[in-house]
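Enquirer: I have a structure I would like to understand better, so I am pasting it below and will then ask my questions one at a time.
We did not get these values from a lab; they are worked out from the coordinates using the rules stated. In this text, all values refer to a predicted model and were calculated from it rather than measured experimentally. Cβ placement follows ideal geometry from the backbone for every residue including glycine, while neighbour counts extend to all protein chains displayed.
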Amino acid sequence: MLKISILFSAFCLFVIGCYVMFKPDLSDLGFIPVLATNPETASEFRSLFAGSFIAYAYLLVRFTFSYNSLSIAVVIAYIMGFIALGRLASFYYEGFNIFGLSVFLGEIFLMIVLLMAHRKRKNEIPYF
């Protein structure tokens, strides 16, 4: 019953995240009570809200079917990766701007650094 509840929650998060990320016009989101009328707000909403929801859905599914624990660095890297995916979708729908591009590069940089730190720490852990 717990697995089904977690998977249902993950499915809902994934559907809402994909709906927001790939909907061309964010001025009316239907059941989501947010109004994004200008391109800057739509860009941030698409990348942060939708990217986070998709990342949380992925992590819930992975948690459900995995017996290994996830490190905090990897969890944050996945979240940043899906937020960056949302940023790419916002570039497609709202267009490029300097702020969005610099934030996107920062998100990719943080994701790479976190994965490198996780790999380095994993190799340093002594196994008894």
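Enquirer: Which of these, 49, 99, 63, has the largest mean-square fluctuation under a Gaussian network model of the chain (Cα springs below 10 Å)?
Expert: 99
Enquirer: Using a Förster distance of 25 Å, how high is the FRET efficiency between residue 116 and residue 72, based on the Cβ-Cβ distance and rounded to 0.05?
Expert: 0.95
Enquirer: When the chain is modelled as a GNM with alpha-carbon springs shorter than 10 Å, which of 98, 16, 54 fluctuates the most?
Expert: 98
Enquirer: Which three extents, in whole angstrom, do the alpha-carbon atoms of segment 1-117 cover along their principal axes, largest first?
Expert: Its Cα atoms span 43, 36, 17 Å along the three principal axes.
Enquirer: In whole Hz, what ³J(HN,Hα) sequence does segment 89-105 give by Karplus (6.51, -1.76, 1.60; θ = phi - 60°), x for Gly and Pro?
Expert: Residue by residue, segment 89-105 yields 5, 5, 4, 5, 8, 9, x, 7, 8, 4, 4, x, 5, 5, 5, 4, 5 Hz.
Enquirer: So, one more: Measure nothing but the geometry: give the 0 to 90° angle between the long axis through the Cα atoms of 2-22 and the longest principal axis through the Cα atoms of the chain, rounded to 10°.
Expert: It works out to around 40 degrees.
Enquirer: Pull out a ≥ b ≥ c, the square roots of the eigenvalues of the alpha-carbon gyration tensor of segment 53-113, then state rounded if a/c is under 1.5, prolate if not and a/b is larger than b/c, and oblate in the remaining case.
Expert: It comes out oblate by the Cα gyration axes.
Enquirer: Suppose every Lys and Arg Cβ carries +1 and every Asp and Glu Cβ carries -1, with no other charges. What dipole size does the chain come out with about its Cα centre, to the nearest 20 debye?
Expert: 640 debye
Enquirer: Of 82, 41, 72, which is farthest along the charge dipole of the chain in the positive direction, counting Lys and Arg as +1 and Asp and Glu as -1 at C-beta?
Expert: Toward the positive end, the furthest listed residue is 72.
Enquirer: On C-alpha positions alone, give me the angle between the axis of helix 51-65 and the longest principal axis of the chain, in degrees, nearest 10.
Expert: With both axes taken from Cα atoms, the answer is about 30 degrees.
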